[in-house]
Amino acid sequence: MGAKVLERFPAGAPRGSWPAEEYAARRRAEGLPATVVMDLRSDAFLVVVPAAEED
């Protein structure tokens, strides 16, 4: 099972700011199962959804 990246946000957001979480919450409100994960290699937060199964 893979994941599709919807958006990426730099990890250095201002203190008290959670842009990746806010973006994911808006996608969840639209019905997408969005999740925030950390990409350590690029030092960024990724908003992802499960990838569609391909035959």
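The values are calculated or read from the model by the stated rules, or taken from the named source; none is laboratory data. Since the structure is predicted, the reported quantities are computational estimates derived from the model, not experimental observations. Cβ coordinates were reconstructed from backbone atoms using ideal geometry, including for glycine residues, and neighbour counts include every protein chain displayed. We work out accessible area using only protein heavy atoms, side chains counted, and drop any ligands, DNA or RNA first. Shrake-Rupley method; radii C 1.70, N 1.55, O 1.52, S 1.80 Å.
Annotations for the structure displayed:
Conditions tested, residue by residue: (1) out of contact with any helix residue (DSSP H, G or I) (no Cβ under 7 Å at 6 or more places or on another chain); (2) among the small types (Gly, Ala, Ser); (3) at positive phi.
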| site | (1), (2), (3) |
| --- | --- |
| GLY2 | yes, yes, no |
| PRO14 | yes, no, no |
| GLU22 | yes, no, no |
| ARG26 | yes, no, no |
| GLY31 | yes, yes, yes |
| VAL36 | no, no, no |
| ASP39 | yes, no, no |
| ASP43 | yes, no, yes |
| LEU46 | yes, no, no |
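- Region 2-19 residues that are in contact (Cβ under 8 Å) with a residue 24 or more places away in the chain, paired with ones that are open to solvent by 70 Å² or more (accessible area, probe 1.4 Å) (beta carbon under 7 Å, 6 or more apart): ALA11/ASP43
- Every residue from region 5-20 that is charged (D, E, K, R) and modelled with pLDDT of 95 or more: GLU7, ARG8
- The set of residues from the chain being of a type in the set (Val, Ile, Thr) and out of contact with any Lys or Arg (no Cβ under 6 Å at 6 or more places or on another chain) comprises VAL5, THR35, VAL36, VAL37, VAL47, VAL48.
- Pair list, Cβ under 9 Å, 6 or more apart: region 31-48 residue open to solvent by 40 Å² or more (accessible area, probe 1.4 Å) and among the small types (Gly, Ala, Ser), other residue modelled with pLDDT of 95 or more and assigned to a strand (DSSP E or B): SER42/ARG8
- Of all residues in region 17-26, at least one satisfies being assigned to a loop (DSSP other than H, G, I, E, B) and open to solvent by 70 Å² or more (accessible area, probe 1.4 Å).
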